[in-house]
Amino acid sequence: MSAPPPAMPHAFAPPVAIAQLAAPPAWQAVDFIADLHLNPAEPATVAAWQRYMLGTAASAVFILGDLFEAWVGDDAARQPGLEAQCAATLRAAAARRPVHFMRGNRDFLVGPAFLAACGVQDLPDPVTLIFGGQRWLLSHGDALCLDDAPYQQFRQQVRQPAWQRQFLARPLAERQAIARHMRGQSSARQQAMNQWADVDADAARALLAAARAPVLIHGHTHRPASHTLGAGLSRVVLSDWCLDAPAPRAEVLRLRPGQPPARISPQAALTPEA
């Protein structure tokens with residue numbers, strides 16, 4: 001039997017143009033959350049998110065992907081259940097302050113019409129936020145996990161408009177069953193890997209250079225930490241949320257002008273002093 005072909009080197013090409021969002025001068029604090037994976041089996045997480053969204057003292061909230069454990073189509077929110085409850089929370093929150101939503105690997109099928117109906121701003125991935133006199137690059141982060149080759153192949157497939165049209169044409173119950181099966185496969189693969197894939201440092205540096213930004217804020221990896229990338233560059237990883245776990249975890253990343261990013265609890269985010 002012949003030897004397998006050598007592995008191809010990783011390659012990452014940043015977008016030619018990265019979208020920009022300039023924060024209004026009135027914004028005093030901006031919150032970032034990601035990877036809540038909201039689902040009916042974790043009611044404490046859902047309740048904490050609802051309290052946070054309706055009561056945060058931030059000027060704006062940025063949701064950087066994987067708000068939902070799975071989103072199989074906007075029509076799910078027209079049925080009684082978690083999706084409809086979350087849509088109502090998003091509408092109420094967006095009536096109080098700007099809410100921005102970036103799709104993740106679990107909720108890439110959230111449609112622009114759904115976000116518009118909720119009053120939520122649709123964010124591209126990546127996007128550069130100009131706030132407090134600094135450029136902050138925002139991304140979900142999954143596209144930068146180059147070592148996870150099977151996932152990158154899957155991501156390329158499901159982000160194709162033709163694949164999405166075919167999937168969304170299936171009955172809702174069938175899509176939900178497919179999503180459950182895919183979640184099971186994903187969990188098994190993560191357990192086999194014994195860890196979440198991490199962001200490729202060279203890819204992160206290339207993306208920051210293209211955005212002319214010194215800091216990347218992202219989720220996806222479930223490894224909340226700050227990492228230096230050299231040459232004055234860094235990346236800040238958001239926490240996932242799970243208030244139903246034996247060791248509950250949930251963090252909000254808050255930015256204030258002229259201050260480094262601060263990790264605070266969802267409860268602390270309700271107070272202006274945090």
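The values are calculated or read from the model by the stated rules, or taken from the named source; none is laboratory data. The structure displayed is predicted, hence computed values, not measured ones. Reconstructed Cβ throughout: ideal geometry from the backbone, glycine too, with neighbour counts over all protein chains shown. The accessibility values were calculated without ligands, DNA or RNA, using every heavy atom of the protein model including side chains. Shrake-Rupley method; radii C 1.70, N 1.55, O 1.52, S 1.80 Å.
So the values come out like this:
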{"quantity": "Segment 86-105, residues that are part of a helix (DSSP H, G or I) and touching a strand residue (DSSP E or B) at 6+ places or on another chain (Cβ under 9 Å)", "calculated": "Cys86, Leu90, Ala93, Ala94"}
{"quantity": "Some residue of segment 229-237 being under 15 Å from the mean Cα position of the chain (by Cα), among the hydrophobic types (A, V, I, L, M, F, W, C), assigned to a loop (DSSP other than H, G, I, E, B) and at pLDDT 95 or above", "calculated": "no"}
{"quantity": "Matching entry among Ala76, Ala116 (being out of contact with any helix residue (DSSP H, G or I) (no Cβ under 9 Å at 6 or more places or on another chain) and assigned to a helix (DSSP H, G or I))", "calculated": "Ala116"}
{"quantity": "Considering residues of segment 129-157 that are surrounded by fewer than 21 Cβ atoms within 10 Å (Cβ to Cβ) and polar (S, T, N, Q) only, the residue farthest from Cys86 (Cα to Cα)", "calculated": "Gln134"}
{"quantity": "Top-ranked residue in segment 84-97 [being in contact with a Leu (Cβ under 8 Å, 6 or more places away or on another chain) and more than 15 Å from Leu36 (Cα to Cα); ranked as least open to solvent (accessible area, probe 1.4 Å)]", "calculated": "Ala93"}
{"quantity": "First in segment 201-226 and within 29 Å of Pro248 (Cα to Cα), second anywhere and part of a helix (DSSP H, G or I), Cβ under 7 Å, 6 or more apart", "calculated": "Leu216/Ala204; Leu216/Leu207; Leu216/Leu208; His220/Asp142"}
{"quantity": "Subset tally (residues that are in contact with a helix residue (DSSP H, G or I) (Cβ under 6 Å, 6 or more places away or on another chain) and open to solvent by less than 10 Å² (accessible area, probe 1.4 Å)) for segment 205-234", "calculated": "1"}
{"quantity": "Segment 40-58, subset open to solvent by less than 10 Å² (accessible area, probe 1.4 Å) and touching a Ser or Thr at 6+ places or on another chain (Cβ under 8 Å), residue farthest from Ser265 (Cα to Cα)", "calculated": "Met53"}
{"quantity": "Meets criteria (in contact with a helix residue (DSSP H, G or I) (Cβ under 6 Å, 6 or more places away or on another chain) and closer than 16 Å to Ile217 by Cβ) for Arg256", "calculated": "no"}
{"quantity": "His100, sole failed condition from (1) within 30 Å of Trp27 (Cα to Cα); (2) over 16 Å from the mean Cα position of the chain (by Cα); (3) open to solvent by less than 40 Å² (accessible area, probe 1.4 Å)", "calculated": "(2)"}
{"quantity": "Segment 240-263 - residue that is of a type in the set (A, V, I, L, M) and surrounded by 17 or more Cβ atoms within 10 Å (Cβ to Cβ) and, of those, farthest from Ala29 (Cα to Cα)", "calculated": "Leu243"}
